[in-house]
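Step one of this worksheet: look at the structure below.
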Amino acid sequence: MSTRRDALRLFTITATALPTLASPAQETKEMGDQPGHIHAGPAIKVPVPSRPTFFQPAEFQAVEALSERIIPRSDTPGAKDAGVALLIDKAVVANPSLALPCRAGLADLNALANNSYGANFTALTEEQQIKLLTPLSIETDSPLGKFFALFKDMTVDAYYKTEAGLKTELGWHGNTYLSEFPGCDHPEHHS
Amino acid sequence: MQIQTSPQVHDVLIIGSGAAGGMAAWNLTRQGVNVTLLDAGRKFRRSEFWTHVKPWEWQQRLDAGQKPPEIVLSTTEQPYITPLEQPFLLTRVWGRGGKTNIWGRVSLRYSDLDFAGPERDGWEIPWPIRYKDIAPYYDQVDQLIGVCGGDDDQDSLPGSRYFLPPPPLRCGEHIIKKAAHSIGINIVPIRRAVLTRDYNGHTKCHYCGACGSGCDVGAFFNSSDYLLEPALKTKRLNIIDNAVVARILVDDRGLANGVQYFDRYTKEERRIFGKRVVVAASCVDSSRILLNSSSPRHPNGIGNSSDVIGRYLAEQIRFTLRGFAPELMGGKVYNDDGIGGAHMYMPRFNHRDGRKRDYLRGFGCQFWYTGAQTDLSYAKSIPGFGLEFKKAVK
């Protein structure tokens with residue numbers, strides 16, 4: 001049985017006679033040169049802002065640490081690699097109703113960390129942080145549980161919109177120009 | 001303030017440039033009629049669309065002070081309110097082509113099952129026409145704008161001899177289709193006004209899936225490229241940009257003879273006269289204009305002796321279900337963009353098995369967002385955090 005890749009490669013050669021074969025990253029050739037195509041120019045490169053505007057430095061470190069616990073680095077980037085903390089800062093600036101819950105939540109989290117381990121959240125080991133957060137991720141009715149749920153949502157929103165989250169982690173490679181849409185070629189999926 | 005009035009009397013004035021206004025302009029100009037069309041915005045430039053801006057580039061561009069073209073009318077510019085507990089999602093596009101710039105492109109024909117419904121169950125006013133009366137027009141529209149679809153012809157969803165080839169199905173769609181067939185429910189290629197091959201001088205789809213940001217090559221029907229541009233070529237069409245129509249003017253006999261409008265930006269009031277006025281400004285804006293057009297002859301607004309204009313407004317009635325295909329979990333990630341949204345359709349089936357339902361009539365199903373998507377909101381409902389969570393999301 002030929003593989004999907006083989007079938008596509010064959011298709012690419014026979015149907016479009018490209019000078020070069022499909023690049024490994026793409027399923028079929030990109031077609032930026034088709035008549036009538038006027039595509040907007042390449043994305044501008046903007047220096048990523050390096051400083052938060054809402055969170056204080058200590059709070060920001062906590063945001064980084066907490067988001068990294070929710071989506072940690074594995075063989076793919078984690079929240080910190082993806083710059084999630086800055087995106088969360090931006091989200092709070094854009095939606096001021098998040099400011100108080102975030103600020104109070106981080107303070108409560110530190111209070112809990114101090115009660116349990118005698119140190120702020122960021123000073124705890126990974127294992128301690130996980131131990132502290134596990135009940136919060138289950139008891140969603142407590143104030144801290146609610147904060148955790150809110151913060152997790154914000155982390156998800158931020159991380160999976162980044163190139164690291166969407167492309168590197170999930171492998172999404174859409175929104176490109178294809179000459180043909182191949183569709184599914186798994187016979188087992190077909191009726 | 002001085003009202004600017006031109007003494008010229010135009011043959012036909014059309015209010016609105018969307019599907020209906022564009023079609024009226026296209027038809028009239030090719031039959032030799034001079035048309036003046038009033039549009040509440042201006043032409044959108046394809047080269048300015050953010051069609052190919054990746055999700056992570058949006059924020060970067062916004063940070064750099066760039067803005068995507070404002071296709072959907074901002075509620076800051078034109079706010080609206082609804083009664084308490086009666087939300088209404090009003091999507092307005094003030095600009096050439098109107099909502100056809102960003103529409104869902106689903107182009108299903110009504111069947112006799114639909115036309116005969118009111119008579120059969122006694123609800124609503126019966127239709128005065130049947131499928132055979134409207135079929136020739138469906139054929140004309142299919143040929144003009146290009147609609148992809150299959151070769152099937154269902155009792156609840158008529159086919160067409162003029163469909164362009166359907167796009168192949170994604171993995172998830174095949175799985176749903178197989179499941180539906182196993183319980184005797186038919187699934188057919190959806191009919192959508194997306195070009196799966198070059199057609200009538202328009203460029204075919206390049207499967208980027210970002211149609212909602214406006215198509216940068218015009219590969220799906222939009223009134224601006226498909227109707228107004230050809231109409232402009234006849235030299236019989238004149239378009240007035242940024243003309244927000246307030247009301248229809250009438251003569252002593254109560255017949256429409258002109259339009260009062262305001263410049264969207266300078267707010268100058270203007271009047272323009274015509275022998276015929278076509279109101280094609282979308283459901284809600286057309287209602288607004290007709291209700292605004294009260295006069296001694298039309299105390300309740302034009303065409304509103306029934307008092308139903310502006311009442312009983314309904315959004316598209318739809319219910320959303322989410323499903324999950326375990327077969328696809330952990331597999332290779334494909335580019336599932338396709339023509340942006342559903343490639344297949346489940347036509348109404350509940351009339352076929354003879355079973356009596358406790359509701360009237362029936363429904364069809366579209367299947368959107370199958371396969372790899374950029375919307376990860378489902379991840380929020382996955383419990384836990386950390387490596388396990390990250391793995392589960394993937």
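Only alpha carbons enter this Debye calculation for the stretch A:73-116, each as an equal point scatterer, and the log10 of I(q)/I(0) it gives at q = 0.22, 0.23, 0.32 Å⁻¹ is -0.83, -0.84, -0.96.
Summary value for the stretch A:47-191: 25 percent relative contact order, contacts being C-alpha pairs under 8 angstrom separated by 6+ residues. In terms of its alpha-carbon gyration tensor, the stretch A:85-152 comes out prolate; a/c meets the 1.5 threshold, and the first ratio a/b outweighs b/c. From largest to smallest, the equivalent ellipsoid semi-axes obtained for the stretch B:299-394 from the alpha-carbon gyration tensor read 40, 21, 15 Å.
Under the criterion of Cα pairs below 8 Å and six or more residues apart, the relative contact order for the stretch B:1-125 equals 27 percent. Under the combined filter of DSSP loop state and at most 15 neighbouring Cβ atoms within 10 Å, the stretch A:102-168 retains these GluC sites (Glu not before Pro): A:139.
Taking other C-beta atoms within 10 Å as the exposure proxy, B:211, B:148 rank B:211, B:148 from fewest upward. Calculated [222 nm] ellipticity per residue, helices only, for chain B: -5500 deg cm²/dmol; basis is -39500 (n - 2.57) per DSSP H run with n ≥ 4, divided by all residues, nearest 500. A straight line joining the Cα centroids of the stretch B:110-138 and the stretch B:292-349 runs 20 Å. On full extension, the segment bounded by residue B:185 and residue B:268 gains 24.1 nm, given 0.36 nm per residue less the C-alpha separation.
Computed over Cα pairs, the Kirkwood radius of the stretch B:222-371 leads via Stokes-Einstein (1.002 mPa s, 20 °C) to a diffusion coefficient of 103 µm² per second. Relative to the globular-protein estimate of 2.2 N^0.38 Å, the Cα radius of gyration of the stretch B:131-208 stands at 1.23. What is the spin-label model distance, in nm, from residue B:378 to residue B:139 if the labels are put 7 Å beyond Cα along the C-beta direction? Using points 7 Å along Cα→Cβ, the separation is 4.3 nm.
Each 10 Å bin from zero up to the one holding the largest Cα-Cα distance in the protein assembly as shown carries the following percent of pairs: 3, 13, 21, 23, 20, 13, 6, 1, 0. With the Cα gyration tensor of the stretch B:92-159 giving a ≥ b ≥ c as the square roots of its eigenvalues, does the rule (a/c under 1.5 for rounded; else a/b larger than b/c for prolate; else oblate) give rounded, prolate or oblate? Since a/c reaches 1.5 but b/c is at least a/b, the shape of the stretch B:92-159 is classed as oblate.
Counting only residues at least eight positions apart within a chain, or on another chain, the lysines with an alpha carbon under 25 Å from that of residue B:275 are B:233, B:235. Rounded to the nearest 10 degrees, the angle from helix B:19-30 to the longest Cα principal axis of chain B is 60 degrees. Summarising the label geometry, the points placed 7 Å from Cα in the beta-carbon direction at residue A:73 and residue A:95 lie 2.9 nm from one another.
Percent of Cα-Cα pairs more than 24 Å apart in the stretch B:174-292, please. Across the stretch B:174-292, Cα pairs with separations above 24 Å total 55 percent. With a ≥ b ≥ c taken as the square roots of the eigenvalues of the C-alpha gyration tensor of the stretch B:1-110, please select rounded if a/c is under 1.5 and otherwise prolate if a/b is larger than b/c or oblate if it is not? In terms of gyration-tensor shape, prolate.
Given the Cα-Cα distance of residue A:168 and residue A:138 and 0.36 nm per residue of separation, how much length would full extension add, in nm?
Extra length from residue A:168 to residue A:138 when fully extended: 7.9 nm.
Go through A:90/B:54; A:161/B:177; B:67/B:391; A:161/B:332; A:80/B:99; A:161/B:267 and tell me which ones have a Cα-Cα distance over 29 Å in this structure.
Violating the 29 Å Cα-Cα cut-off are A:161/B:177; B:67/B:391; A:80/B:99; A:161/B:267.
The Stokes-Einstein estimate for chain B, based on a Kirkwood radius over Cα pairs and taken at 10 °C with 1.306 mPa s viscosity, is a diffusion coefficient of 67 µm²/s. Projected onto planes of every orientation and averaged, the convex hull of the alpha-carbon atoms in the stretch A:124-191 covers 8.7 nm². Each residue in B:23, B:329 was given a count of other beta-carbon atoms within 10 angstrom of its own, and listing them fewest first yields B:329, B:23. Note on the stretch A:96-140 and the stretch B:199-223: Cα centroid distance 49 Å, given to the nearest whole angstrom.
Each value in this text was obtained by applying a stated rule to the coordinates, not by laboratory testing. Note that the coordinates shown come from a computational prediction; the quantities given were computed from them, not determined experimentally. Neighbour counts are summed over all protein chains in view; Cβ atoms, including those assigned to glycine, are modelled from backbone coordinates with ideal geometry.
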